[in-house]
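Written below as structure tokens is the structure these notes are about.
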Amino acid sequence: MIEQTAPGFKFKLLHGEHCTPRRGELHTPHGIIETPCFWPVGTVGSVKLILPDDLNSTGAQGMLSNTYHLLLRPGDEALTQLGGLHRWGGWKKPILTDSGGFQVMSLATHRKLSEECVLFQSHIDGSKHILSPERSIAIQRAIGADIIFMLDVCPAFEASEKELREAHERTLLWAIRNRRAFAEFPSRYGHDQTLWAVVQGATDLALRREAAATLAEGNDFGYAIGGLAVGEPKELMYPAIAAVTETLPIAAPKHLLGVGTPDDLLSGIALGVDSFDCVLPTRNARHGIAFTSRGIIRIKNERYKLDQEPLDPDCKCACCRQISRSFLRHLYFASEATAARWLTYHNLSYYNQLLTEARDAIAASRFPEFAATKRVGWTENI
RNA sequence: GGUGGGGUGGCCGAGUGGUUAAUGGCAACAGACUGUAAAUCUGUCGUGCACCGCACUACGUAGGUUCAAAUCCUACCCCCACCA
């Protein structure tokens, strides 16, 4: 069995040592995560609309939060005084934090990028905040996340060749500073943290391999694949993922940032990805979309007006056990917050059920067959 | 009975002679969303069709003035307020 350790952490590959898909266990100071797994996104320290207990019952094993947003408020000083996010936010399972690298892209109009750092102008009050590899590590230390990511530069899909190259090179240079800062700044709350590198390179396979190979020399505990699902066609996304997972060390856990749809997860798993995070199940829930084993349901659509079926007859979640599509539609149009809450709860439950089944399928060496039966694309569930 | 105000597309509500099939908002219908500036945003929304265009019907009702009217005039109907 392949296993790698770091203070407070262990990643055990239970299946897929020399091939994909992989089935594993990621031991963290806040519990063991069965991989492949999905991390729901709680940008400001909380998954929107969902209480920690409910998040727990969706089957979520961890939560991803965000450095930039928590820097703006409450700020790292307050976080330190409050004892870190685990203590402050009530979520006791593992926490993963994005470094703020995504905001380099998503908030491109609010930042200035230099060789040294990113200067953000707050989208909330216009105040200025510097995010450098050192600052990002310091803030993630203050948050107390189990897994923290290196500050990277995430290029936009439309980025020019030159911008792409710069983002790639800066990400590699910053990796060194990220590691140094991680070594210099101690963890704060008596539990260990682990630093993962972020691989960029857009859909350029050579660039991806180069980034992965260079970063691998740093012997980081885990790796994240960034800069995908930002608008590029899927035919380009999947090879980019493969280029990275093939190049990185087998023993290291690999996270695919910001992906994706249920089908993307199945594809990612097949390519050797161990974990995912994405806003899709939560954001789309608020926008009236449910993911189901038979396709998506746009609950606003008229055809669900008198539909007494549950969202997904095969789903075991509390929503599918208790209320119908028509009632959800009614709640949605009545602008009841519970509509979005039910849908968020269902979507997260659905994602986690899918991954639980995927892990079982991997363990039973029948993942390809399993995945084939689960792919639904973006077809509508009627 | 008198005086004043008002009747606009499913609803509310702008518009007081000419780029008006008629601003907005709501409702309705459809779509987008992938490390969350998003419980947000976009499109359609009188009818018909050969539907990036054309035709028809529309601003209480009926007439009238005018090259041109939701907008001006007359009558009538209805609603609201106040006064008798």
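The values are calculated or read from the model by the stated rules, or taken from the named source; none is laboratory data. Keep in mind that this is a model prediction, so the values were computed, not measured. Note that we place each Cβ from the backbone using ideal geometry, even for glycine, and neighbour counts take in every protein chain shown. Heads up: the accessible areas ignore ligands, DNA and RNA and are worked out on the full protein's heavy atoms, side chains in. Shrake-Rupley method; radii C 1.70, N 1.55, O 1.52, S 1.80 Å.
Numbers for the structure displayed
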| item | result |
| --- | --- |
| Cα-based Rg and Dmax for segment A:40-180, where Dmax is the largest Cα-Cα distance (Å) | 15.4, 47 |
| Debye, to nearest 20: dipole size of segment A:1-124, +1 on Lys, Arg Cβ, -1 on Asp, Glu Cβ | 160 |
| Antiparallel bridge percentage (DSSP; both residues within chain A; nearest 5) | 55 |
| Charge context of A:THR245, other residues only, Cβ under 13 angstrom, K/R +1, D/E -1 | +2 |
| Proximal aspartates and glutamates to A:LYS12, defined as alpha-carbon separation beneath 12 angstrom and excluding residues fewer than eight positions away on the same chain | A:GLU3, A:GLU25, A:GLU34, A:ASP274 |
| Solvent-accessible area per residue for segment A:1-100 (1.4 angstrom probe, square angstrom) | 39 |
| For segment A:110-142 versus segment A:190-228, the gap between their alpha-carbon centres in whole angstrom | 21 |
| Local electrostatic count, A:ALA224, Cβ distance below 15 Å [Lys/Arg +1, Asp/Glu -1] | -3 |
| Pairwise centroid distance, computed over Cα atoms, of segment A:287-336 with segment A:27-85, Å | 27 |
| Reciprocal mean inverse distance between Cα atoms of chain A - Kirkwood radius, Å | 21.0 |
| Sequence-separation-based contact order of chain A, relative, with Cα cut under 8 Å and 6+ spacing, percent | 17 |
| Candidates A:CYS315, A:CYS19, A:CYS117: whichever shows maximal mean-square fluctuation once chain A is modelled as a Gaussian network with Cα springs under 10 Å | A:CYS19 |
| Environment charge of A:GLY45, counting only residues whose C-beta is closer than 15 Å and scoring Lys/Arg +1, Asp/Glu -1 | +1 |
| Value of relative contact order over segment A:17-126, rounded to a whole percent, pairs C-alpha under 8 Å and six or more apart | 21 |
| Value at 222 nm in deg cm²/dmol, rounded to 500, when DSSP H runs of n ≥ 4 in chain A each add -39,500 (n - 2.57) | -12000 deg cm²/dmol |
| Relative contact order, percent, segment A:193-350 [alpha-carbon distance under 8 Å, six or more residues apart] | 17 |
| For chain A, cysteines whose Cβ has no other cysteine Cβ within reach (under 4.7 Å) | A:CYS19, A:CYS37, A:CYS117, A:CYS154, A:CYS278, A:CYS317, A:CYS319 |
| Calculated FRET value between A:HIS110 and A:GLU3, using beta carbons and R₀ = 51 Å, to 0.05 | 0.75 |
| Extended-chain gain in nm, criterion 0.36 nm per residue less alpha-carbon gap, A:ALA337 and A:ARG303 | 10.1 nm |
| For chain A, the longest site-free run once GluC sites (Glu not before Pro) in DSSP loop states with at most 16 other Cβ atoms within 10 Å are removed | A:218-335 |
